[in-house]
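For reference, the structure discussed in these notes is given below.
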Amino acid sequence: MPGTPRPDPVSTKRQRIAELARKCPDMAFTNLAHHMDITWLCKAYDLTRKDGAVGVDGQTAADYEVNLMGNLQDLLNRAKSGTYVAPPVRRVRIPKPGSPNETRPLGIPTFEDKILQRAVLMVLEPVYETDFSDVSHGFRPGRGAHGALASLRQQAMKLGGDWIVDVDLRKFFDTIDHGHLREFLKRRVRDDVILRLIGKWLNAGVLEEGVLTTPEQGTPQGGVISPLLANIILHYVLDEWFEKEVCPRLKGKAFLIRYADDFVIGVAREDDARRILEVLPKRMSKYGLTVHPEKTRLVRFQPCPDDDSATKAVRKNNFSNGAGAITDRTLEKQAFLIIPEGVAEVIFAHRLRRAAGQSLPENPNRSTHSWESKRAPNYRRFS
């Protein structure tokens, strides 16, 4: 029919993959790579940032565009034939929010590698989006920090007074075990082309200050595919385990909220919270991960009335210095919620001070500004 827009072939394929994944939750896909054609690569190119830092080859988006279709076709051929060679990731170090003396490693792939990683992400995402739990909010379509905070607020309100297990995983992206990751991948994906490409990215190596190393574990932060791989391993190691193994054994109610590798567990009973604190490090170590013994802690949260004098004092202090927890600028019915440290880092990109009334670091980023006007329930922290 004249004037009728044609459906996007890539979106149509992704919808079909998702439908099949929903219908067959226990099936492992063996032929995903055949969806990746030149149209698929063009879409991946469109979704790739053109203004990002360059990789080890120094090639910019403008350089790649000179022979765009030829480059994409050649990339597709190499990817499917197995001749693609994943280049090393250029590593730079950026300041770690909340830790002035620490840095965080950031991996920068080449522009072409970003396109191919995006193409593989596009074919895997429909499969895993049907599997992932609602407790997971980070690096997923239609989800984000806003949803994580809203879920925390709602579920904390349902529990009333509760205990928050605030968990920090030490150097998570640097310590992901390749063997365990491959095992988890094969539960849903047994396509040789896809698995071979992921294996090449895991073993590509890191170039830092002219020195090339090949880590035996970890996946570079900054890679397009890395957040999905992180979500896959934590889906099996944490999310499913918590739902199927932990919750049925607790005496009271509990909830989990995870944003990538940052997560908190809300528990109604203190004895349940301490049991979780005891077993969680053992569960993580089984898969090569480490719970940070100093940054992981148990925090008591309990509702308090709007006219509580301590709440008013902290509220006044937060408004006087323009910082602190999520605040209600109208000063009406609701006051604030001091967010647990791990979730606060991903929502605000820096750590909130745990002591009531202690101000935040200077010059918070845009995510802080966007959240300052959000209302939150009236909660007070008890140490």
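When the pairs 171/286; 50/114; 200/286 are compared against a 20 Å limit on Cα-Cα distance, 200/286 fall above it.
Solvent-accessible area per residue in the stretch 195-278 equals 41 Å², computed with a 1.4 angstrom probe and all protein chains kept. For the stretch 1-98, carbon and sulfur atoms together expose 55% of the accessible surface, with a 1.4 angstrom probe and every protein chain in place.
Local charge sum around residue 41 (other residues, Cβ-Cβ under 14 Å, Lys/Arg +1, Asp/Glu -1)?
0
Scaling against 2.2 N^0.38 Å puts the C-alpha radius of gyration of the stretch 14-89 at 1.36.
I want the local charge near residue 106. Using Cβ-Cβ distances under 13 Å, sum +1 for each Lys or Arg and -1 for each Asp or Glu among the other residues. Can you show the working numbers first?
Working: positive: 90, 91, 93, 96, 104; negative: 174, 208.
That sum, taken over residues with Cβ under 13 Å, equals +3.
Taking only protein heavy atoms and a 1.4 Å probe, the accessible area of the stretch 138-293 is 48% carbon and sulfur.
Annotation: extensible slack from residue 279 through residue 243 equals 11.5 nm (criterion: 0.36 nm per residue apart, minus Cα-Cα distance). Between the DSSP loop rule and a limit of at most 16 other Cβ atoms within 10 Å, which trypsin sites (Lys or Arg not before Pro) in the stretch 174-241 are left? Within the stretch 174-241, the qualifying trypsin sites (Lys or Arg not before Pro) (loop, at most 16 other Cβ atoms within 10 Å) are 186, 187, 190.
Accessible surface computed residue by residue for the stretch 23-115, with neighbouring protein chains in place and a 1.4 Å probe, gives 53 Å² per residue.
Note on residue 192 and residue 59: the model spin-label points, each 7 Å out from Cα along the C-beta direction, lie 2.6 nm apart.
If you take the beta carbon distance between residue 236 and residue 50 as r and set R0 to 22 Å, what does 1/(1 + (r/R0)^6) give as a FRET efficiency, to the nearest 0.05?
0.05
Can you give the Rg to Rh ratio for the stretch 40-161, taking only C-alpha atoms and Rh from Kirkwood? Let's see the in-between values first.
Values: Rg = 19.0 Å, Rh = 17.5 Å.
Result: Rg/Rh = 1.09.
The values are calculated or read from the model by the stated rules, or taken from the named source; none is laboratory data. Predicted model only: the values in this text are computed from it and were never measured. Methodologically, a virtual Cβ is constructed for each residue, glycine included, from the backbone with ideal geometry; neighbour enumeration extends over all protein chains shown. To get the accessible areas, we keep the full protein, side chains included, count just its heavy atoms, and leave off ligands, DNA and RNA. Shrake-Rupley method; radii C 1.70, N 1.55, O 1.52, S 1.80 Å.
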